[in-house]
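Single-structure report; data block below.
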Amino acid sequence: MSAQLNPAVSFRPMLEADLDAVMAIENVIYTHPWTRGNFSDSLANDSGAGGNCWVMELHGVMVGYAVVSCAVGEAHLLNLSVAAAWQQRGLGREILLYVIDFIKKNKIIVMFLEVRISNTAARALYAQTGFREIGVRRGYYPAPVGREDAIVLEFLPGKS
């Protein structure tokens, strides 16, 4: 069954030409953003299969993006972001449902991700969409002071 997405939202593969807009979002919403090189590397490693790096547009405006790494039946959600002005409108859920639909169509067995322990909104979204906590990575994320733990989550498409 495919996810029911908002018809005003569209998804397309991320392109190198998108990186200025992606970086503009990334640099606003994170204290420790990915680098342009991180995104370029992800684009270079894109496996094909419909793409593993996407942008989400609303009425032609980029409002978010996702990056997933896939190999040997497993996926790792590396980055899922919504522009600050568009947060708390359900768009994070839209991107996540798109990614879940992609992994189901591509017969991915399991998807993993890490989320900051302090990111309660993201943790709630992941729990609502069928992710379960399977571990903790101590000091995984840089923080304004020191390091922050990450919760490791797992999603099993065949069980949702």
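FYI, it's all coordinate maths here, none of it is from the lab. No experiment lies behind these values; they were computed from the predicted model shown. We place every Cβ from the backbone using ideal geometry, glycine too, and count neighbours over all the protein chains shown.
Grab the alpha carbons of the stretch 9-112, take their convex hull, and tell me the volume per residue in Å³. If you can, show how the numbers build up before the last one.
On the way: hull volume 10.2 nm³, N = 104.
So the per-residue Cα hull volume is 98 Å³.
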Revision key, fill the gap. At q = 0.25, 0.26 1/Å the base-10 log of I(q)/I(0) from the Debye formula over the alpha-carbon atoms of the stretch 119-160 is -0.88, -0.91
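Hey, got a sec? Which trypsin sites (Lys or Arg not before Pro) in the stretch 81-154 land in a DSSP loop and have at most 11 other Cβ atoms within 10 Å?
Within the stretch 81-154, the qualifying trypsin sites (Lys or Arg not before Pro) (loop, at most 11 other Cβ atoms within 10 Å) are LYS107.
Return the calculated 222 nm mean residue ellipticity for the chain, to the nearest 500 deg cm²/dmol, obtained by summing -39500 (n - 2.57) across DSSP H runs with n ≥ 4 and dividing by the residue count.
On the way: 4 runs with 44 residues, N = 160.
Taking each H run of at least 4 residues, the total per residue is -8500 deg cm²/dmol.
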Practice item. Would you mind telling me which residue in ILE108, ILE29, ILE134 has the biggest mean-square fluctuation in a Gaussian network model of the chain, where springs connect alpha carbons within a distance under 10 angstrom? Key: ILE134
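Going through the DSSP H helices of the chain, which span 18 Å or more along their own axis at the Cα atoms while scoring at least 0.0 as a mean Kyte-Doolittle hydropathy? List each step's numbers first, then the result.
Numbers: long enough: 91-105 (21 Å, 0.73).
Span-like helices in the chain: 91-105.
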